[in-house]
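The values are calculated or read from the model by the stated rules, or taken from the named source; none is laboratory data. Everything numeric in this text was worked out from a predicted model, so none of it was measured. For neighbour counting, all protein chains shown are included, and Cβ atoms are generated from backbone atoms with ideal geometry for every residue, glycine included.
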Amino acid sequence: MAEPLLELRNLRKAYGALVVTDNVSLSVTPGELHAVIGPNGAGKTTLIHQISGMLPSDTGSILFGGEDITSLPMPQRVRRGLARSFQITSILPGFSALENVALAVQARSGSSFRLFGKAAQEKNLNDPAMECLSQVGLAARAHVPAGLLSHGEKRQLELAIGLATEPKLLLLDEPLAGTGHEESLRVVETLRRLKGRLTIVLIEHDMEAVFALADRVSVLVYGRVLATDTPGRIRENPDVRAAYLGEEELV
Amino acid sequence: MTELVQTEPSPAPSLGTRVEIVPIFLFAAFAAAPLLATVSGAEGYVLSLLTRVMIFGIAAMALDLILGYGALVSFGHAAFLGLGGYAVGILASHGIDDALVQVPVALAASALFALVTGAISLRTKGVYFIMITLAFGQMLYFLATSLAAYGGDDGMTLPSRSLVAGFSVLKSDFTFYWICLLCLLGTYAFSRAVVASRFGRVLRGTRDNATRMEAIGFRPFRFQLTAYVISGMMTGLAGCLLANQAEFVSPAFMTWQRSGELIFMVVLGGLGSLHGAIIGAAAFLLLEEFLPEILHAASFFLSDEVRDHLAENWKMVFGPLLILVVLFARGGIMGLLRRPRHG
Ligand SMILES: Nc1ncnc2c1ncn2[C@@H]1O[C@H](COP(=O)(O)OP(=O)(O)OP(=O)(O)O)[C@@H](O)[C@H]1O
Ligand SMILES: [Mg+2]
């Protein structure tokens, strides 16, 4: 197997007595779509926070492309190619969809201390941003203030913003949460197209989407990795079935 | 889903283009005022009042740059007025009376003070930021009161207004007025450019959602600190002008009340439009000036004694009036100007 792009070693995070991430070790190989599933409150979002650098970890280490990034702040991780989306939509509501994405393009273009020139009219920022919006199917809504987009469109915008940072690894926290049927199909289609070009860690409750997209699946229960395997074998895994009993249907 | 696409709201035209008429009108009014001052008969009084309005307009606008566009509530901004003022006063008392030296020194001092205090304050958020900027402001205030050589508590009178390249052009109230207008216009144009630039967009983005900005790779601190320095320098410039206008500097330039008034001007005018801050400064200073007369005139139906009382204690009305404006005119005066157009 190739050198992992992302490697978690004995990662831990506790809130008081509540251990939310319990000795998690996980590796994500380049190019794979690695799904992380688990019941509500399993610690999936917390794990994404730790990987992205939004939350410090108590112990353990995070390696990205072979380098230890455990103590790097979030912006620096982003610059190394580690982008994320948020489970609870986090956008700039007062900016147009295009500007939301253009800002991400601007972030990696490096020169944000320019005090003159209208940023909103820069073609070399807007063109790549438009390209990202097209990829998620939002091009027609580029000039709508992001706050006025539908919930599903905001989810797509999250994805476009993530793409605009030109990540090597994209951490997606429930990109389908709360989207309508058609929107969710569109996002799944987008992810299918991105797959292979990009390494993706996908957290998702929609099992249909997970089993359709994932190369490998990790199951997180009470902050612990119960199993990591191919979708087919995860479905057959008795421990996983037990953990999900009465929770959700494993397709 | 198809309905969704069809009912899409048309792209909102940027507020900037819709109310562009306001700054044009504002600057035209400032340009026309000296002519009116001449015919009013009270030329000196009108000019000096409007000059003060413009100077505070610069300071309020500088504050708006970080408050309105960066959501950074600095409660110590009067310190920069003091720095600008004392740079002029101290240098003048040592015989260095040319603005071409005084202003750069004032700007450098303001930048340095902003850099150091900003680097510390910006590590905190919310109420803590307000408190720590207040503390730094007070620190400078007490420093000024202890400068016995430069008047201590009482401050000091300038020997004259600053020279410009050796010429005493600022002596004329008219010329000084035009210089202040030029400074106001210049800082306004500069601020407008900054706000729309790449830098300004990061600042605005951070105001709206700092986490999102970090998640796309920005480190907000550097941008906020730079904005703080720019704002401090602009306020320092206002301080230079204020000292020249009054031909006097004192610790009163930088009381915390003064810092509060600056915040008030910005909120009164409407956050985040720059010209709103100038309008807020004008409204604040003109109300402060004329409220006693207005109250006296408006209470014609009351007994003379009550009217005199009212006019004397006009501050009792001023405070609640300001509170009412903030409560009921969200978005300040600019908000009121915008509203009727919202169809
Ligand atoms: N700041 C916090 N303080 C205390 N407990 C927290 C905090 N954040 C999360 N938790 C707890 O940690 C656990 C894991 O939360 P997390 O959001 O990571 O779960 P999740 O797997 O993403 O759940 P979901 O599927 O509902 O999104 C939950 O029990 C939650 O209550
Ligand atoms: Mg979650």
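Annotations for the structure displayed:
- Every residue from region A:170-185 that is crowded, with 23+ Cβ neighbours inside 10 Å and either away from ligand 1 (no atom under 16 Å from the Cβ) or of a type in the set (Lys, Arg) (or both): A:Leu170
Residue-by-condition table, conditions (1) under 26 Å from A:Thr89 (Cα atoms); (2) of a type outside the set (Lys, Arg); (3) within 16 Å of ligand 1 (Cβ to nearest atom); (4) within 14 Å of another protein chain (Cβ to nearest Cβ):
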site	(1), (2), (3), (4)
A:Arg12	yes, no, yes, no
A:Tyr15	yes, yes, yes, no
A:Thr21	yes, yes, yes, no
A:Glu67	no, yes, no, no
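- Filter pass, A:Ile48 being within 14 Å of chain B (Cβ to nearest Cβ), within 15 Å of ligand 1 (Cβ to nearest atom) and modelled with pLDDT of 95 or more: yes
- Region A:23-75: number of residues that are polar (S, T, N, Q), over 17 Å from A:Leu170 (Cβ atoms) and more than 16 Å from ligand 2 (Cβ to nearest atom): 7
- Residues being part of a loop (DSSP other than H, G, I, E, B) and on the phi > 0 side of the Ramachandran plot - total across region A:2-17: 1
- Against the list (1) in contact with a helix residue (DSSP H, G or I) (Cβ under 7 Å, 6 or more places away or on another chain); (2) in contact (Cβ under 8 Å) with a residue 60 or more places away in the chain; (3) surrounded by fewer than 17 Cβ atoms within 10 Å (Cβ to Cβ), the condition A:Leu159 fails is (3).
- Flag if A:Leu138 is over 20 Å from B:Phe223 (Cβ atoms) and not aromatic (Phe, Trp, Tyr): yes
- Qualifying residues in region A:223-233 (those that are out of contact with any Phe, Trp or Tyr (no Cβ under 8 Å at 6 or more places or on another chain) and not in a strand (DSSP E or B)) - the one surrounded by the fewest Cβ atoms within 10 Å (Cβ to Cβ): A:Gly232
- Among the residues of region A:23-42, those that are within 13 Å of A:Leu220 (Cβ to Cβ) and away from ligand 1 (no atom under 14 Å from the Cβ) comprise A:Asn23, A:Ser25, A:Leu26, A:His34.
Residue by residue, here is whether (1) over 22 Å from B:Ala210 (Cβ atoms); (2) surrounded by 14 or more Cβ atoms within 10 Å (Cβ to Cβ) holds:
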residue	(1), (2)
B:Ile120	no, no
B:Phe129	no, yes
B:Ala144	yes, yes
B:Gly152	yes, yes
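- Residues in region A:171-223 that are over 21 Å from A:Gln50 (Cα atoms), within 16 Å of ligand 2 (Cβ to nearest atom) and within 14 Å of another protein chain (Cβ to nearest Cβ): A:Thr179 alone.
- Residue within region B:225-234 that is within 11 Å of chain A (Cβ to nearest Cβ), surrounded by fewer than 23 Cβ atoms within 10 Å (Cβ to Cβ) and small (Gly, Ala, Ser) present: no
- The sole residue among A:Ile62, A:Ile37, A:Ile88, A:Ile69 that is touching a Lys or Arg at 6+ places or on another chain (Cβ under 7 Å) and closer than 27 Å to A:Arg197 by Cα is A:Ile69.
Condition check ((1) crowded, with 20+ Cβ neighbours inside 10 Å; (2) modelled with pLDDT of 95 or more; (3) among the small types (Gly, Ala, Ser); (4) closer than 30 Å to B:Ala149 by Cβ) across all residues:
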{"position": "B:Leu268", "(1), (2), (3), (4)": "yes, no, no, no"}
{"position": "B:Ser303", "(1), (2), (3), (4)": "no, no, yes, no"}
{"position": "B:Ile323", "(1), (2), (3), (4)": "no, no, no, no"}
{"position": "B:Gly335", "(1), (2), (3), (4)": "no, no, yes, no"}
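- Inter-residue pairs, beta-carbon under 8 Å, first without any contact (Cβ under 8 Å) to a residue 12 or more places away in the chain and in region B:84-106, second part of a helix (DSSP H, G or I), 6+ apart: B:Ile96/B:Gln102; B:Val101/B:Leu91
- When each of A:Glu189, A:Glu99, A:Glu131, A:Glu182 is tested for being among the charged types (D, E, K, R) and closer than 22 Å to B:Thr206 by Cα, the lone residue that passes is A:Glu99.
- Residue identified as in contact with a Lys or Arg (Cβ under 8 Å, 6 or more places away or on another chain) and buried (at least 19 other Cβ atoms within 10 Å of the Cβ) among B:Val249, B:Val195: B:Val195
- The one condition in (1) away from every other protein chain (no Cβ under 14 Å); (2) of a type in the set (D, E, K, R); (3) in contact with a Pro (Cβ under 9 Å, 6 or more places away or on another chain) that A:Lys168 fails to fulfil: (1)
- The residues of region B:265-300 include none that are at positive phi and part of a helix (DSSP H, G or I).
- Residue within region A:148-155 that is within 23 Å of A:Leu11 (Cβ to Cβ) and either surrounded by 15 or more Cβ atoms within 10 Å (Cβ to Cβ) or within 16 Å of ligand 1 (Cβ to nearest atom) (or both) present: no
Residues checked against (1) more than 14 Å from chain A (Cβ to nearest Cβ); (2) within 30 Å of B:Leu49 (Cα to Cα):
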{"position": "B:Ser160", "(1), (2)": "yes, yes"}
{"position": "B:Lys171", "(1), (2)": "yes, yes"}
{"position": "B:Cys180", "(1), (2)": "yes, yes"}
{"position": "B:Phe190", "(1), (2)": "no, yes"}
{"position": "B:Gly200", "(1), (2)": "no, no"}
{"position": "B:Asn209", "(1), (2)": "no, no"}
{"position": "B:Met213", "(1), (2)": "no, no"}
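- All of A:Glu174, A:Glu99, A:Glu153, A:Glu166 fail the test of being on the phi > 0 side of the Ramachandran plot and in contact with a helix residue (DSSP H, G or I) (Cβ under 7 Å, 6 or more places away or on another chain), apart from A:Glu166.
- Selection count where residues are over 14 Å from the mean Cα position of the chain (by Cα), of a type outside the set (Gly, Ala, Ser) and within 10 Å of chain B (Cβ to nearest Cβ), scope region A:121-165: 10
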